[in-house]
């Protein structure tokens, strides 16, 4: 479904108080290539600052690329302008890390869920959108009675369920989960991961699951990519990466996973 080829993303470092000029560039993602097969989950793991979120933002065109190609179902989306990419936005959705900051506090849950439908499915009536929003809440384990409430009335785990429902509102095929469980308690993490797996089985979704906890990433992923300082240092089947890591950085990530007992 997705092929990333030699992706490089760099940022300018500016100097000068009155006359700003580019002094140098910092490379956040350096020549990264990988593929995400249809209907599978690929885990992207690495410590904070390794470039994971930068890659995620580039895949949904919230971040410009410096070079390389991003092929979604054979089409290179990297050079597309907003008007060309807009029809594809409903196919590629993102669940953000912060369940408190990713929802508009001024909108009700009904408005949060129906707004994407209004943009991408203008032919739907208001009643159809409301019915679909209620169905989405049921699908993610919440009650349709919550449609009139606002985000401040929900816990972190409930807000993340709403974020997942919002991503599903436009019937996507590919969902990027950017640290979607890292801000949650361990017990809630398990619930959200199980929900994502159930939705994948039911809807045939494809995931890029980004995280820094290899234990969580291994549980949900078919294939794991290990990112270190913007470079891909190891990749392979999830069981192989976690049971027989080849790179020292992967071993250090595994050693950082807390062990019970």
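Each reported figure results from applying straightforward, stated rules to the coordinates on display, with no laboratory input. Fair warning: this is a prediction, and the values are worked out from it, not measured in the lab. Neighbour counts run over all protein chains shown; Cβ positions are idealised from the backbone, glycine included.
Alpha carbon centre of region 52-87 versus region 170-223: separation in Å?
Going from one Cα centre to the other spans 22 Å.
With 10 Å bins from zero, work out the P(r) of region 28-146 over every alpha carbon pair and list the percent per bin.
10, 33, 33, 20, 3
Counting only helical runs of four or more DSSP H residues, what would the 222 nm mean residue ellipticity of the chain come to if each run contributes -39,500 (n - 2.57) and the total is spread over all its residues?
Per the formula, -10500 deg cm²/dmol.
Would you mind estimating how fast the chain diffuses translationally, via Stokes-Einstein at 10 °C and 1.306 mPa s with the Kirkwood radius over Cα pairs, in µm²/s?
Working: Rh = 19.5 Å.
Diffusion coefficient, whole number: 82 µm²/s.
Grab the beta carbon distance between residue 247 and residue 6, set R0 = 22 Å, and tell me the FRET efficiency rounded to 0.05.
Once rounded, the FRET efficiency stands at 0.65.
Between region 1-31 and region 98-152, what is the C-alpha centre distance in whole Å?
Taking the Cα centre of each part, region 1-31 and region 98-152 sit 36 Å apart.
So how do 56-69, 17-30 stack up, highest first, on mean other-Cβ count within 10 Å?
56-69, 17-30
With a 10 Å radius around each residue's Cβ, average the other Cβ atoms per peptide and rank 171-180, 128-137, 143-152, highest first.
For the peptides 171-180, 128-137, 143-152, the packing ranking is 171-180, 128-137, 143-152.
Sorted by packing (mean other beta-carbon atoms within 10 Å per residue), highest first, where do 161-168, 113-120, 216-223 land?
On the way: 161-168: 23.6, 113-120: 18.1, 216-223: 20.6.
Going from most to least packed, we get 161-168, 216-223, 113-120.
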